[in-house]
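Heads up: the structure comes next, in structure tokens.
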Amino acid sequence: MSFDQGKLLPRNVTAHRRLSSPVTGKHRVAGNPASSRLESGVGNCYPGLECDVRNLERRFVPFMEMDVVAVVREIRLVSVDLGAALQAARAGEITPEDFEVYQTLSGDLGDGAAAAVSRLEGMFGVLGELAFDLSQLNDKSYGANRRPPDSWTAVRMLTEGAPLKVSFTRGDGTTVTLNTKRERYLDDEGALSSIFLPGEMSQSLCSPWTHDFRDCGCHYWASNHPDIVQPVYPAGGPGTQDQKWTVSVPWQRADRVIRDEPPPSAGPFRPSEEEQLDHHEINHRWEELHFVINTRETTSPFRPGVVHGTPLLDRATLLRHLQYAAGVELAVAHEYLAAAFSFKPDGDPSLAGDDALADSIRAARAEIMRIAIGEMRHTRAVNDVIRAISPPGTFKPALQVASALPRPGGGHRPVVPRVASRAAIDGFIDIESPSAGVDGLYIDILATLENPPSDMPEGIAEEWSEAVSSIIAEGEDHFQTFLDIREWLGAYEEAKYLRDPAATRPDSTQPDHVALQTAYAGVLDDLHTGYLKGRFQGAKEINEARRDMVGAGLSSLASAVAAVGFIVVFDVVADPRFAPISPP
């Protein structure tokens with residue numbers, strides 16, 4: 001994959017084209033990253049950074065748009081979609097009397113007269129059925145017969161689809177009442193309803209929002225709202241593995257010149273006033289801020305890398321590939337754990353006086369452990385997919401370690417636990433490379449879920465394709481992390497950072513190794529029991545397995561094996577449930 005390509009995997013149903021048919025509307029839109037989901041937003045929601053959730057309440061009455069002003073306990077009518085109301089009346093969805101209310105209020109707005117909600121009657125969630133004038137709200141809500149504290153909360157609490165009576169006070173002081181139902185925010189597929197127009201959810205946010213990023217804290221914003229980024233490549237661009245271009249730089253830096261060398265790295269604190277655009281410049285030079293795709297600034301049209309998988313023949317074939325995929329996740333976790341425990345421990349006497357080396361070892365060990373844990377999460381996710389698509393009563397947990405791993409470009413290689421040598425790190429980069437190795441293993445699986453065979457139950461494949469997309473997306477993070485680790489360790493001889501570059505596997509009778517294998521078999525047994533029971537019923541056993549993986553469990557036992565000079569390996573468990581699995 002060249003430097004100007006990216007693989008963006010949208011995971012949200014709101015990426016579906018508005019008003020498209022169910023058949024043609026379900027496709028992935030290039031440029032919609034997983035972080036575009038509303039639930040992926042940074043915590044603030046009032047008004048928020050991705051969207052202003054208060055805008056949902058602006059359309060709580062069908063065919064109407066309101067301004068809900070909680071501070072003065074008002075709900076002002078902004079617009080009436082009279083055409084849509086007319087269609088509903090002709091279809092018998094609203095009564096002639098209610099359509100007359102829409103006509104009256106639409107005419108008032110057309111004449112420049114104001115109209116506002118004065119009374120609400122309906123089901124207010126946990127507060128039950130209530131009827132009250134907005135003037136009765138006083139910012140307090142407690143005790144018997146309590147009301148919502150303000151107008152925004154009142155609208156927010158209304159039960160979707162429940163009967164609702166809304167009284168409006170017109171400009172001349174008269175009142176009209178509409179009998180309707182509380183509008184839905186989402187359609188049947190979980191996407192925002194078509195009543196919301198493009199930009200409506202963000203129209204009330206800061207303008208420009210970049211002022212917030214300039215002044216709030218330092219380098220903590222989510223990736224879909226960058227304040228630090230990887231810089232734009234110079235003309236021609238380097239290869240994807242040129243690590244100096246992975247430096248993080250301030251996105252709103254004042255110096256916008258693209259040079260042959262990357263800009264200075266962002267420090268641990270917010271850039272100085274001189275280093276970043278000021279507020280006036282943000283307003284007037286906003287077009288100089290580059291688009292950011294896959295954390296990288298870009299100034300040229302984005303051309304997504306397209307990877308086409310081949311749908312598998314039937315459900316049975318898909319299940320075999322998924323079972324092997326779970327085995328691959330376990331196998332690479334074995335290799336990564338062997339590498340992680342081969343590093344010199346913190347406090348090793350040979351590291352005294354070399355803080356840079358000690359920090360590099362600590363960071364490399366921690367990142368490889370993080371990736372190994374990620375592979376275990378992937379094993380859980382694959383098992384969830386297998387359970388979902390297996391015929392009723394046939395699910396068996398997939399906890400068989402793969403006997404061979406996929407090679408980039410085709411073929412397979414044996415599973416080889418080894419120390420974190422340069423050759424081993426290069427092998428990890430290969431196995432995690434985008435659209436190859438472990439990542440490539442899932443391409444055909446994803447293609448099958450997106451184009452399910454005829455013997456797949458309707459609806460299941462589409463739901464679980466999101467889980468597989470997540471695994472693929474996280475694989476790119478693993479790939480980049482191993483590139484970083486190679487750079488961190490590249491300046492040192494292997495003997496400087498490894499306990500023993502020539503470490504070997506322990507004898508099958510070595511006491512620490514035997515203790516590790518016993519604990520490992522127990523973890524697999526707990527996982528098998530937990531997975532077999534199901535996501536919720538098996539929580540006890542799964543949590544026990546997690547506890548046994550850390551603390552006094554596998555982690556400390558593996559450290560003991562490494563401390564006496566051996567590679568941490570996990571033997572084949574003498575149990576048919578965990579027998580090695582071959583590539584399909």
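The values are calculated or read from the model by the stated rules, or taken from the named source; none is laboratory data. Bear in mind the structure is a predicted one, so any value in this text is a computation, not a measurement. Cβ coordinates were reconstructed from backbone atoms using ideal geometry, including for glycine residues, and neighbour counts include every protein chain displayed.
Taking residues in region 338-357 that are assigned by TED's automatic domain parsing to the domain that holds Pro417 and assigned to a loop (DSSP other than H, G, I, E, B), and partners anywhere that are surrounded by 13 or more Cβ atoms within 10 Å (Cβ to Cβ) and of a type in the set (Gly, Ala, Ser), the pairs with Cβ atoms closer than 6 Å and at least 6 places apart or on different chains are Phe341/Ala558; Phe341/Ala562; Ser342/Ala420. Only residues that are surrounded by 13 or more Cβ atoms within 10 Å (Cβ to Cβ) and either on the phi < 0 side of the Ramachandran plot or among the hydrophobic types (A, V, I, L, M, F, W, C) (or both) were counted in region 292-315, giving 14. The single residue among Ala558, Ala545 that is assigned to a helix (DSSP H, G or I), modelled with pLDDT of 95 or more and closer than 16 Å to Ile373 by Cα turns out to be Ala558. Scanning region 161-181 for residues that are farther than 19 Å from Ala89 by Cβ and surrounded by 13 or more Cβ atoms within 10 Å (Cβ to Cβ) returns Ala162, Ser167, Thr169, Arg170, Gly171.
Taking Glu160, is it modelled with pLDDT of 95 or more and in the same structural domain as Thr180 (by TED's automatic domain parsing)? No; evaluated as a whole, the condition is false for this residue.
Residues checked against (1) surrounded by fewer than 18 Cβ atoms within 10 Å (Cβ to Cβ); (2) closer than 22 Å to Asp484 by Cβ; (3) modelled with pLDDT of 95 or more; (4) over 27 Å from the mean Cα position of the chain (by Cα):
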{"position": "Leu330", "(1), (2), (3), (4)": "no, no, yes, no"}
{"position": "Ala340", "(1), (2), (3), (4)": "no, yes, yes, no"}
{"position": "Pro345", "(1), (2), (3), (4)": "yes, yes, yes, yes"}
{"position": "Asp384", "(1), (2), (3), (4)": "yes, no, no, no"}
{"position": "Ala404", "(1), (2), (3), (4)": "no, no, yes, yes"}
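Please verify whether Glu432 is touching a Lys or Arg at 6+ places or on another chain (Cβ under 7 Å), buried (at least 18 other Cβ atoms within 10 Å of the Cβ) and under 22 Å from Glu375 (Cβ atoms), treating the condition exactly as stated. No, not satisfied. Residues in region 449-463 that are crowded, with 20+ Cβ neighbours inside 10 Å and in a helix (DSSP H, G or I): Leu449, Ala461.
Of the numbered criteria (1) assigned to a helix (DSSP H, G or I); (2) at pLDDT below 85; (3) within 19 Å of Thr299 (Cα to Cα), the one Glu287 fails is (2). Given the condition without any contact (Cβ under 8 Å) to a residue 24 or more places away in the chain, small (Gly, Ala, Ser) and either in contact with a Gly (Cβ under 7 Å, 6 or more places away or on another chain) or loosely packed, with under 15 Cβ neighbours inside 10 Å (or both), answer yes or no: does some residue in region 555-577 qualify? Within region 555-577, one or more residues are without any contact (Cβ under 8 Å) to a residue 24 or more places away in the chain, small (Gly, Ala, Ser) and either in contact with a Gly (Cβ under 7 Å, 6 or more places away or on another chain) or loosely packed, with under 15 Cβ neighbours inside 10 Å (or both). Close contacts from region 83-102, counting a first residue that is closer than 15 Å to Leu164 by Cα and a second that is hydroxyl-bearing (Ser, Thr, Tyr), with Cβ to Cβ under 9 Å and a gap of 6+ residues or different chains, come to Ile94/Tyr102; Ile94/Thr180; Asp98/Thr180; Val101/Thr177.
In region 246-275, of all residues being over 29 Å from Phe482 (Cβ atoms) and modelled with pLDDT of 85 or more, the one that is surrounded by the fewest Cβ atoms within 10 Å (Cβ to Cβ) corresponds to Val257. Quick test of your reading of the structure: His334 fulfils all but one of (1) surrounded by 13 or more Cβ atoms within 10 Å (Cβ to Cβ); (2) free of Cβ contacts under 8 Å to residues at least 24 places away in the same chain. Name the failing condition by number. The one condition His334 does not meet is (2). No other residue among Ser193, Ser204 is under 30 Å from Leu277 (Cβ atoms), at pLDDT below 80 and either touching a Pro at 6+ places or on another chain (Cβ under 8 Å) or not charged (D, E, K, R) (or both) apart from Ser204. Say whether the condition of being among the aliphatic types (A, V, I, L, M), surrounded by 13 or more Cβ atoms within 10 Å (Cβ to Cβ), under 20 Å from Gln136 (Cα atoms) and over 36 Å from the mean Cα position of the chain (by Cα) is met by at least one residue in region 70-77. So far as region 70-77 goes, yes, one or more of its residues are among the aliphatic types (A, V, I, L, M), surrounded by 13 or more Cβ atoms within 10 Å (Cβ to Cβ), under 20 Å from Gln136 (Cα atoms) and over 36 Å from the mean Cα position of the chain (by Cα). Can you confirm whether Val415 is over 26 Å from Gln243 (Cβ atoms) and in contact with a helix residue (DSSP H, G or I) (Cβ under 7 Å, 6 or more places away or on another chain)? Taking the combined requirement at face value, the residue satisfies it. A single entry from Pro583, Pro576 fulfils the requirement of being under 30 Å from Ile386 (Cα atoms), touching a strand residue (DSSP E or B) at 6+ places or on another chain (Cβ under 7 Å) and either modelled with pLDDT under 95 or not β-branched (Val, Ile, Thr) (or both): Pro583. For region 426-448, which positions are part of a helix (DSSP H, G or I) and touching a Phe, Trp or Tyr at 6+ places or on another chain (Cβ under 6 Å)? Within region 426-448, Phe428, Ile429, Glu432 qualify. Scanning region 118-128 for residues that are closer than 20 Å to Arg146 by Cβ and either of a type in the set (A, V, I, L, M, F, W, C) or touching a residue at least 12 places away in the same chain (Cβ under 8 Å) (or both) yields Arg119, Leu120, Glu121, Gly122, Met123, Phe124, Gly125, Val126, Leu127. Test Arg90 against the stated conditions and say whether it is assigned by TED's automatic domain parsing to the domain that holds Asn145 and surrounded by 11 or more Cβ atoms within 10 Å (Cβ to Cβ). Judged against the criteria, Arg90 is not a match. Any residue that is out of contact with any strand residue (DSSP E or B) (no Cβ under 7 Å at 6 or more places or on another chain), without any contact (Cβ under 8 Å) to a residue 40 or more places away in the chain and part of a loop (DSSP other than H, G, I, E, B) - is there at least one of those in region 303-316? Yes: one or more hits. The one condition from (1) under 33 Å from the mean Cα position of the chain (by Cα); (2) without any contact (Cβ under 8 Å) to a residue 60 or more places away in the chain; (3) not assigned by TED's automatic domain parsing to the domain that holds Asp354 that Asp512 does not meet is (1).
Search region 445-461 for residues that are in the same structural domain as Arg387 (by TED's automatic domain parsing) and pair each with any residue that is surrounded by 12 or more Cβ atoms within 10 Å (Cβ to Cβ) and of a type in the set (Asp, Glu) when their beta-carbon atoms are under 6 Å apart and the residues are at least 6 apart or on different chains. Within 6 Å, the pairs are Pro453/Asp314; Asp455/Asp314. Among the criteria (1) over 20 Å from Arg184 (Cβ atoms); (2) within 39 Å of the chain's Cα centre (by Cα), the one Met157 does not fulfil is (1). Take Leu56 and tell me if it is closer than 17 Å to Val176 by Cα, in a helix (DSSP H, G or I) and touching a Phe, Trp or Tyr at 6+ places or on another chain (Cβ under 7 Å). Against the criterion (closer than 17 Å to Val176 by Cα, in a helix (DSSP H, G or I) and touching a Phe, Trp or Tyr at 6+ places or on another chain (Cβ under 7 Å)), Leu56 does not qualify. Each residue in region 480-498 was checked for being touching a helix residue (DSSP H, G or I) at 6+ places or on another chain (Cβ under 8 Å) and closer than 23 Å to Val568 by Cβ, and 11 pass.
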